[in-house]
Amino acid sequence: MGKKSIMELGVDDFVKAGLSPTEANELKEVLLSLPLSSLSSADTWRHLVSRKVLKPSYPHPLHQLLYYTIYNHHHHSSSSPPPLYWFPSLEQARRGNLGCFMEAHGSELLGASSYKDPITSFPLFHNFSVQHPDVYWSLVLKELSISFIEPPKCILDTSSDPSKHGGKWLSGSVLNIADCCLQPSSHPNKPDDSIAIVWRDESSDNSEVNRITLKQLRQQVMLVANAIDANFLKGDAIAIDMQMTANAVIIYLAIVLAGCVVVSIADSFAPKEIATRLRVSNAKGVFTQDFISGGGRKIPLYSRVIEAAASKVIVLPVIGDDVAVQLREQDLSWKDFLSSGSQNSRSDHYSPVYQSIDSVTNILFSSGTTGDPKAIPWTQLAPIRSAADGWAAIDVQVGDVYCWPTNLGWVIGPTLLYHCFLNGATLALYHGSPQGHGFGKFVQDAGVTILGTVPSLVKSWKSTRCMEGLDWAKIKLFCSTGETSNVDDDLWLSSKSYYNPIIELCGGTELASSYITGSPLQPQAFGAFSTASMTTGFVILDDNGVPYPENVPCVGEVGLFPVSLGASDRLLNGDHDEVYFKGMPLYKGKVSTTSISMLRMIFPFCHVIPTHFNTTTLKYQFFHSGRATYTHHVF
């Protein structure tokens with residue numbers, strides 16, 4: 001497959017790869033009409049992709065034949081940089097969130113003689129965001145659907161509280177982040193009649209997609225918030241242990257709107273794991289389902305929750321209006337729970353509980369593989385950071401339909417929610433298993449424009465061929481996180497939308513964000529990162545802790561600089577300084593005037609190359625302000 005050049009491939013080769021003779025002849029004629037013989041490998045691939053020569057309907061072996069032929073020498077050389085498959089045009093860059101933002105502010109911030117365009121000047125602009133995070137955030141906050149009841153006194157305060165290793169952000173501000181999600185706004189343009197959520201049940205794959213407007217969502221959230229007031233106290237921690245359905249999203253927003261705290265628990269956990277999280281968070285109640293539905297199966301969930309929980313449990317039916325299990329005396333059905341709040345004469349109206357920016361809204365957990373999971377509180381800063389990452393790295397815009405099969409028990413669940421609602425996009429939810437054709441048909445029918453994945457799910461789609469015959473051409477961008485990516489699986493995925501980019505993301509619950517990503521403003525390689533996230537700076541260290549020069553191929557550990565809006569500064573079940581900072585060596589960073597120190601999490605499988613960082617070979621070691629280690633977990 002690799003010895004011939006692209007121009008030497010013939011009709012017989014294309015037929016062997018799965019094309020019909022007619023398609024093979026047409027493809028050969030197209031290739032002959034293009035000036036490919038004098039082009040580099042990257043420019044040859046760019047020509048084919050920009051002209052949409054490689055159709056999503058072509059069999060995967062044909063895509064493999066052309067990609068691996070064009071990039072033959074790259075795949076036989078360990079020293080070559082990863083081959084590029086996606087190249088942003090200047091027009092695309094200027095239409096994107098960050099590109100448009102750079103066009104508006106680049107000349108002023110970088111200097112008229114330094115700023116060129118969003119692609120050329122991206123490295124300079126990224127560096128500016130690292131050097132001047134207060135300036136960057138003062139402008140980016142205006143791009144999000146954020147409304148303060150009391151505005152911040154300052155963007156960043158690094159001097160008044162030495163215990164805050166990353167500084168104090170947006171001091172003095174008061175808001176309710178769920179209310180920000182629910183209220184209409186002019187920028188981003190989010191009117192009441194805009195579609196907030198689209199969803200479909202697995203058993204209804206041939207039915208119309210269900211839609212909920214922003215106004216309807218707000219009314220339903222307020223209905224639930226009134227019922228929460230009737231059953232709980234302000235500040236109570238309330239767990240969600242259920243599939244990520246439209247009702248789960250409504251419950252999440254209602255808990256935050258009511259001034260309570262969401263406790264995130266994955267619906268896959270056994271009773272012992274559920275009990276640990278309820279104990280650590282001191283949860284006063286749990287929202288769950290009678291069963292989990294997916295893949296044609298019903299799996300008991302309520303029975304697992306009551307084995308773990310003595311507290312009040314509110315149970316939603318997975319099918320129909322009535323729960324299909326016998327409830328304990330202290331527990332409530334969803335129907336009875338909602339009735340408890342309807343005593344309010346205006347049950348679909350609710351006055352949000354406004355709180356300081358550093359109030360806790362969500363308790364998430366580390367994996368807990370070596371003991372009790374660390375209970376990581378998200379303040380109202382964390383959703384802002386999450387939404388801004390979605391705005392910059394994933395280019396989430398008004399009009400986008402954003403789908404990512406996940407769960408509110410994992411950090412990507414709340415992240416997805418805030419990516420959508422604080423950027424004016426539509427959240428797309430499939431109530432069932434993402435493993436089969438039904439999910440893919442939902443992606444098609446809902447008009448999904450951004451699709452999030454994990455690599456193992458993509459591998460399953462490719463191997464089972466369950467997505468054949470579907471049209472995913474509306475997808476402008478994919479996201480991937482949580483696992484090592486495979487080049488050939490990503491080749492298959494990207495081909496489904498004419499080779500639009502797959503943005504790789506790696507981050508942590510403690511950061512409420514990614515620290516290393518791909519970018520729509522940079523060329524992309526399969527299974528690779530291309531940049532630190534905005535405002536994130538790092539160096540790569542050798543075995544002696546000495547930084548390598550920039551843009552030099554190296555194997556090492558990544559040192560992440562400290563000041564980060566939204567990063568956690570406390571633990572519920574541990575001493576934050578003891579766990580994350582004690583005993584680690586200091587590194588004097590040129591980014592900060594204060595000392596910064598190492599944060600450590602090592603993935604022992606990495607090779608770092610200039611510009612692009614391969615997800616299968618990168619080793620990480622991080623820095624933070626203060627004195628020590630900070631452990632990050634991938635999404």
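The set of residues in the range 1-18 that are at pLDDT 95 or above and in contact with a helix residue (DSSP H, G or I) (Cβ under 6 Å, 6 or more places away or on another chain) comprises V11, F14, V15, A17, G18. Taking the numbered list (1) more than 30 Å from Q243 (Cβ to Cβ); (2) modelled with pLDDT of 95 or more; (3) touching a Gly at 6+ places or on another chain (Cβ under 7 Å) in turn, K190 passes all entries but (1). When residues in the range 233-268 are screened for being closer than 16 Å to P352 by Cβ and touching a His at 6+ places or on another chain (Cβ under 8 Å), 0 of them pass. Being part of a strand (DSSP E or B), in contact with an Asp or Glu (Cβ under 7 Å, 6 or more places away or on another chain) and over 22 Å from N176 (Cβ atoms) is a description that does not apply to V318. Report yes if some residue within the range 283-290 is in contact (Cβ under 8 Å) with a residue 60 or more places away in the chain, within 19 Å of V325 (Cα to Cα) and outside any loop (DSSP other than H, G, I, E, B); otherwise report no. No, because not a single residue in the range 283-290 is in contact (Cβ under 8 Å) with a residue 60 or more places away in the chain, within 19 Å of V325 (Cα to Cα) and outside any loop (DSSP other than H, G, I, E, B).
Considering only the range 363-413, how many residues are β-branched (V, I, T), farther than 22 Å from P191 by Cα and within 17 Å of the chain's Cα centre (by Cα)?
Of all residues in the range 363-413, those β-branched (V, I, T) come to 363, 369-370, 376, 379, 384, 394, 396, 398, 401, 406, 411-412.
Filter once more, keeping what is farther than 22 Å from P191 by Cα: 363, 369-370, 376, 379, 394, 406, 411-412.
Then keep just the ones that are within 17 Å of the chain's Cα centre (by Cα); that gives 394, 406, 411-412.
Matching residues across the range 363-413 total 4.
Taking the conditions exactly as written (more than 23 Å from the chain's Cα centre (by Cα) and polar (S, T, N, Q)), does N176 satisfy them or not? It is false that N176 is more than 23 Å from the chain's Cα centre (by Cα) and polar (S, T, N, Q).
Would you tally the residues in the range 514-538 being not in a loop (DSSP other than H, G, I, E, B) and not aromatic (F, W, Y)? Count: 8. Listed by position, the helices (runs of 4 or more DSSP H) contained in the range 414-506 that have at least 2 residues being more than 19 Å from the chain's Cα centre (by Cα), modelled with pLDDT of 95 or more and of a type in the set (S, T, N, Q) are 455-464. The residues on offer are S159, S194, and the sole one that is small (G, A, S) and in contact with a helix residue (DSSP H, G or I) (Cβ under 6 Å, 6 or more places away or on another chain) is S194.
Against the conditions (1) among the aliphatic types (A, V, I, L, M); (2) farther than 22 Å from Q380 by Cα; (3) buried (at least 23 other Cβ atoms within 10 Å of the Cβ), A270 satisfies every one except (3).
If you check K116, K52 for being assigned to a loop (DSSP other than H, G, I, E, B), within 30 Å of D12 (Cβ to Cβ) and not polar (S, T, N, Q), only one passes: K52. Set side by side, the residues W410, W472 differ, and just one is out of contact with any Gly (no Cβ under 6 Å at 6 or more places or on another chain), surrounded by fewer than 23 Cβ atoms within 10 Å (Cβ to Cβ) and either within 26 Å of I265 (Cβ to Cβ) or among the polar types (S, T, N, Q) (or both), which is W410. Of everything listed in (1) in the same structural domain as L27 (by TED's automatic domain parsing); (2) loosely packed, with under 15 Cβ neighbours inside 10 Å; (3) among the polar types (S, T, N, Q), the single unmet condition for T69 is (2). Annotation note: of D336, D322, the sole residue that is on the phi < 0 side of the Ramachandran plot, of a type outside the set (K, R), without any contact (Cβ under 8 Å) to a residue 12 or more places away in the chain and surrounded by fewer than 18 Cβ atoms within 10 Å (Cβ to Cβ) is D336.
Residue-wise test of (1) aliphatic (A, V, I, L, M); (2) touching a helix residue (DSSP H, G or I) at 6+ places or on another chain (Cβ under 7 Å); (3) within 22 Å of V411 (Cβ to Cβ).
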position	(1), (2), (3)
S268	no, no, yes
E273	no, no, yes
V286	yes, yes, yes
D290	no, yes, no
G294	no, yes, yes
D331	no, no, no
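Going residue by residue through the range 57-72, is there one that turns out to be closer than 23 Å to F122 by Cα, aromatic (F, W, Y) and assigned to a helix (DSSP H, G or I)? No, that holds for no residue.
Looking across the range 119-143, just one residue is within 20 Å of G167 (Cα to Cα) and in a loop (DSSP other than H, G, I, E, B), and that is H132.
Just to be sure I understand, how many residues within the range 531-546 are at positive phi, crowded, with 21+ Cβ neighbours inside 10 Å and not β-branched (V, I, T)?
Residues flagged as at positive phi, crowded, with 21+ Cβ neighbours inside 10 Å and not β-branched (V, I, T) within the range 531-546 amount to 0.
Checked against the criteria, V224 counts as modelled with pLDDT of 95 or more, over 30 Å from V140 (Cβ atoms) and not basic (K, R). Against the list (1) part of a helix (DSSP H, G or I); (2) of a type outside the set (S, T, N, Q); (3) closer than 26 Å to S293 by Cα, the condition R211 fails is (1). The sole residue among E510, E504, E483 that is closer than 30 Å to S568 by Cβ and in contact with a Gly (Cβ under 7 Å, 6 or more places away or on another chain) is E504.
Report, by residue number, each residue of the range 326-358 that is assigned to a loop (DSSP other than H, G, I, E, B) and touching a strand residue (DSSP E or B) at 6+ places or on another chain (Cβ under 7 Å). Working first, answer last.
Of all residues in the range 326-358, those assigned to a loop (DSSP other than H, G, I, E, B) come to 326-331, 342-354, 357-358.
Those that are assigned to a loop (DSSP other than H, G, I, E, B) and touching a strand residue (DSSP E or B) at 6+ places or on another chain (Cβ under 7 Å): L327, Q330, D331, Y354, I357, D358.
The values are calculated or read from the model by the stated rules, or taken from the named source; none is laboratory data. Keep in mind that this is a model prediction, so the values were computed, not measured. Note that we place each Cβ from the backbone using ideal geometry, even for glycine, and neighbour counts take in every protein chain shown.
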